[in-house]
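In what follows, a single structure is set out as structure tokens and then discussed.
Derivation of every value follows stated rules applied to the coordinates shown; laboratory data play no part. Keep in mind that this is a model prediction, so the values were computed, not measured. Here Cβ is always computed from backbone atoms with ideal geometry, including for glycine, and neighbour counts include all displayed protein chains.
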Ligand SMILES: Cc1cc2nc3c(=O)[nH]c(=O)nc-3n(C[C@H](O)[C@H](O)[C@H](O)COP(=O)(O)O)c2cc1C
Ligand code: SF4
Ligand code: SF4
């Protein structure tokens, strides 16, 4: 049995996790995915009765969110079990691999045999907005990459990423600043405007229970992890950021809507106009 444990703020990592499960099943394996936030909240139970484990997460400030780090730390000892790790990112930089290296190290400390690390570039939910066509192109090539990866894993092929030790240490510092300062400030300066209908969607969707309704108003606490869920999930776009407006994609971000939108016509290998050249190799080489 394969257990895929993932964290996902805006569903990029979730859709990739679901496709990994589908692909494992196509390859004749048993597989199930679990949302780490739902486990933490006690909404979903997991028995940790797996023979192979995968850990998936979005890159936040070049590294792995600490909600995932904490989850790995409480996993049972491996007892000879295999593991693979994957991440989704909004861009194609090697520095992003620091999170994969960290996840691998933590799993190895538990005795897991980490056989594969993989980075998937998805739409960016932060700062840089890609066209919907390009986001769909990325998703489409990622489906092929998942097929390639699962094929290799089942056939015993190993793939590893490496990042210079100094770069890893640097990303640790940047990431700590992002979580301990940036995220807190971001959360404390969010505000629901008068359009809020108190539907509670943002409250239920927050992975760390940082949003509450009190005295008929939406309140944000100081535990934000900067996942962006609430700002994009609100059906009436009522959540405003007072000082860091630029990090929010103006048109919102909804990967499932983009995938399902049949009016977005894509051609896998003919990249959307205006997309930087650096993505060409990502599209051409399934092993990247
Ligand atoms: C606070 C924050 C920091 C981010 N930092 C990076 C980064 O350092 N590098 C990158 O490529 N993408 C970065 N992103 C983009 C996300 O990693 C990317 O869109 C990811 O696929 C989102 O996954 P999710 O929908 O599962 O949360 C960041 C996103 C957020 C919200
Ligand atoms: S999702 Fe939007 S409308 Fe619903 S409670 Fe939150 S801020 Fe209000
Ligand atoms: S407050 Fe919003 S951005 Fe912060 S962790 Fe909760 S859902 Fe994510």
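For region 190-257, the extents of the C-alpha atoms along the principal axes are 31, 24, 23 Å, listed from largest to smallest. Taking the Cα atoms only, what angle lies between the long axis of helix 132-154 and the longest principal axis of the chain, rounded to 10 degrees? Computed tilt is about 30 degrees. Rounded to the nearest 0.05, the FRET efficiency derived from the C-beta distance between residue 277 and residue 215 at R0 = 41 Å is 0.20. Here residue 263 and residue 223 are evaluated by their C-beta separation; at R0 = 35 Å the FRET efficiency comes out at 0.35. Report the Stokes-Einstein translational diffusion coefficient (µm² s⁻¹, integer) for region 107-240, Rh taken as the Kirkwood radius over Cα pairs, at 25 °C with viscosity 0.890 mPa s. Approximately 134 µm²/s, per Stokes-Einstein. Kirkwood-type hydrodynamic radius, the chain: 19.7 Å, calculated from all non-identical alpha-carbon pairs.
Using C-alpha pairs below 8 Å separated by at least 6 residues, the relative contact order for the chain is 19 percent.
Roughly how many Å is it from the Cα centre of region 90-123 to that of region 221-285, as a whole number? With region 90-123 and region 221-285 each reduced to a Cα centre, they are spaced 22 Å.
A Förster radius of 25 Å, combined with the Cβ-Cβ distance separating residue 70 from residue 113, puts the computed FRET efficiency at roughly 0.70.
Region 162-288 gives an Rg/Rh value of 1.06, both radii derived from C-alpha positions and Rh following Kirkwood. Angle check, please: helix 12-26 long axis (alpha carbons) against the longest principal axis of the chain (alpha carbons), in degrees 0 to 90, nearest 10. The angle comes out near 30 degrees. Of the beta bridges in region 71-175, as assigned by DSSP with both residues counted there, near 0 percent are antiparallel. Rounded to the nearest 5, the antiparallel percentage of DSSP beta bridges internal to the chain is 25%.
The angle separating the long axis of helix 165-177 from the principal Cα axis of greatest extent in the chain is about 20 degrees. Full extension of the chain segment joining residue 32 with residue 77 gains 14.2 nm, where the gain is 0.36 nm per residue of separation less the Cα-Cα distance. Here is the size of region 11-150 from its Cα atoms: Rg then Dmax, 14.8, 45 Å. Considering only 118, 165, 82, the mean-square fluctuation computed in a Gaussian network model of the chain, springs between alpha carbons under 10 angstrom, is largest for 165. With the simple spin-label model, which puts each label point 7 Å out from Cα in the Cβ direction, the residue 154 to residue 243 separation comes to 5.2 nm.
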